[in-house]
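Each remark here refers to the structure printed beneath this line.
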Amino acid sequence: MRTNTTDRKAYIITGPTSGIGLATAFEVAKHGTVVLVGRDREKLSKLEKALDQKGGRAVSVVCDLSDIASVRRAAAEIIALRLPIAGLLNNAGIMQMGVATKNALGWDMTFATNHLGPFALTEALLPHLPDGTNVVFIVSAVEDPERKPAVAFGFRGGRYISATASAHAEWQPGGSVKPGMDSYATSKQAILAATLAFARETPRLHFNAVEPGVNPTTGLGGDSAGAFVRFLQKSIMPLLVPLFMPFMKILSTPKRAGRVITKILTDTSGRTGVYYDEGGHPMQGSALVRDPKFQDRVVTETRALLMAVRG
């Protein structure tokens, strides 16, 4: 893997040790130093070595995105590195299909990891990001109640009431049979709304969002998916997905998603406030998420909730 030693830009990636984040880390390493942000120090060290063997360069920062105090410590550590940051990719995310878990503050783990953590990390880094930095959020079209493929899988769109209600796993009625689906869809709706609000608030930086497509091989559901499903994800799906991709546009693979995301993360065109689909083309979110009033409400409520957290 070649790196440009005369222009050592740096790119921050959360959740880089598996799935889409892992594939993106190897792609981004072709463009500069990668700041790997994840929970598992051992996995981060292993990835650092793998990137180094490919000719890349990386540094690791341990961070649990569901823990706001950990997020703030990680942000301070990243700032102290004094690297020429050119991009921030908020990729880390979880989807708990079974029994939902809570963080130390009693907050819904999915909402904390997918929305509150990335939001807090971004806001902590904003004053220190150079003009023109690309900030990219990985979102999901399941936030849209009119999205037919998502409805077919059992999603009923984001069920946002308020940031506080979401943190306490309270959703608008009429949602999915599985609360975990409402939690995931709402967390992605909230962070997409925040992305679009950030783009309007801070024009010196470029904020965009990406729907990476359906990646059946990533194991996003985690342990709640069950042993058999995890076996299918790791052993069978990688063989089947490429066969069906020409017929199902929403299907993707971590490698394909990584290439699309890297192109957006390293883009120098200055585009901002764009929501990209799995192929890197502009798309639209739900009617609610496109409403600037809703976007601003999500940001205001999220800031108020996070201000109450010490550490």
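Could you please let me know if Thr272 is more than 16 Å from the chain's Cα centre (by Cα), crowded, with 19+ Cβ neighbours inside 10 Å, of a type in the set (Ser, Thr, Tyr) and at pLDDT 50 or above?
Values: more than 16 Å from the chain's Cα centre (by Cα): yes; crowded, with 19+ Cβ neighbours inside 10 Å: yes; of a type in the set (Ser, Thr, Tyr): yes; at pLDDT 50 or above: yes.
So Thr272 passes the test.
Can you go through Arg8, Arg41 and tell me which one is surrounded by fewer than 21 Cβ atoms within 10 Å (Cβ to Cβ), free of Cβ contacts under 8 Å to residues at least 40 places away in the same chain, basic (Lys, Arg) and touching a strand residue (DSSP E or B) at 6+ places or on another chain (Cβ under 6 Å)?
Numbers: Arg8 fails: free of Cβ contacts under 8 Å to residues at least 40 places away in the same chain.
Exactly one residue qualifies, and that residue is Arg41.
Take the conditions of a type in the set (Val, Ile, Thr) and closer than 25 Å to Ser187 by Cβ and apply them to Val59. Does it pass? Spell out how you get there, then give the answer.
Numbers: of a type in the set (Val, Ile, Thr): yes; closer than 25 Å to Ser187 by Cβ: no.
So Val59 fails the test.
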All but one of (1) over 17 Å from Arg8 (Cα atoms); (2) modelled with pLDDT of 95 or more hold for Asp131, so report the exception by its number.
-> (1)
Inspect segment 14-22 for any residue being part of a helix (DSSP H, G or I) and at positive phi and give the result as yes or no.
-> yes
In segment 164-216, anything surrounded by fewer than 19 Cβ atoms within 10 Å (Cβ to Cβ), modelled with pLDDT of 95 or more and either touching a Gly at 6+ places or on another chain (Cβ under 9 Å) or closer than 18 Å to Trp107 by Cβ (or both) is listed as Thr164, Ala165, His168, Glu170, Gln172, Arg200, Arg204
When every residue in segment 76-98 that is crowded, with 24+ Cβ neighbours inside 10 Å and of a type in the set (A, V, I, L, M) is compared, the one nearest to His206 (Cα to Cα) is Leu88
So Thr101 fits all but one of (1) in contact (Cβ under 8 Å) with a residue 12 or more places away in the chain; (2) surrounded by fewer than 21 Cβ atoms within 10 Å (Cβ to Cβ); (3) more than 14 Å from the chain's Cα centre (by Cα); what number is the exception?
-> (1)
When the residues of segment 108-131 are filtered to those that are within 15 Å of the chain's Cα centre (by Cα) and of a type in the set (A, V, I, L, M, F, W, C), which remaining residue is nearest to Ala199 (Cα to Cα)?
-> Phe119
Would you mind listing the helices (runs of 4 or more DSSP H) fully within segment 58-176 where at least 2 residues are polar (S, T, N, Q) and touching a helix residue (DSSP H, G or I) at 6+ places or on another chain (Cβ under 7 Å)?
-> 163-167
Residue match in segment 118-129 (condition: in contact with a His (Cβ under 9 Å, 6 or more places away or on another chain) and either exposed (fewer than 15 other Cβ atoms within 10 Å of the Cβ) or within 23 Å of Gly258 (Cβ to Cβ) (or both)) = no
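The values are calculated or read from the model by the stated rules, or taken from the named source; none is laboratory data. Note that the coordinates shown come from a computational prediction; the quantities given were computed from them, not determined experimentally. A quick note on method: Cβ atoms are made from the backbone with ideal geometry, for glycine too, and the neighbour counts reach across all protein chains shown.
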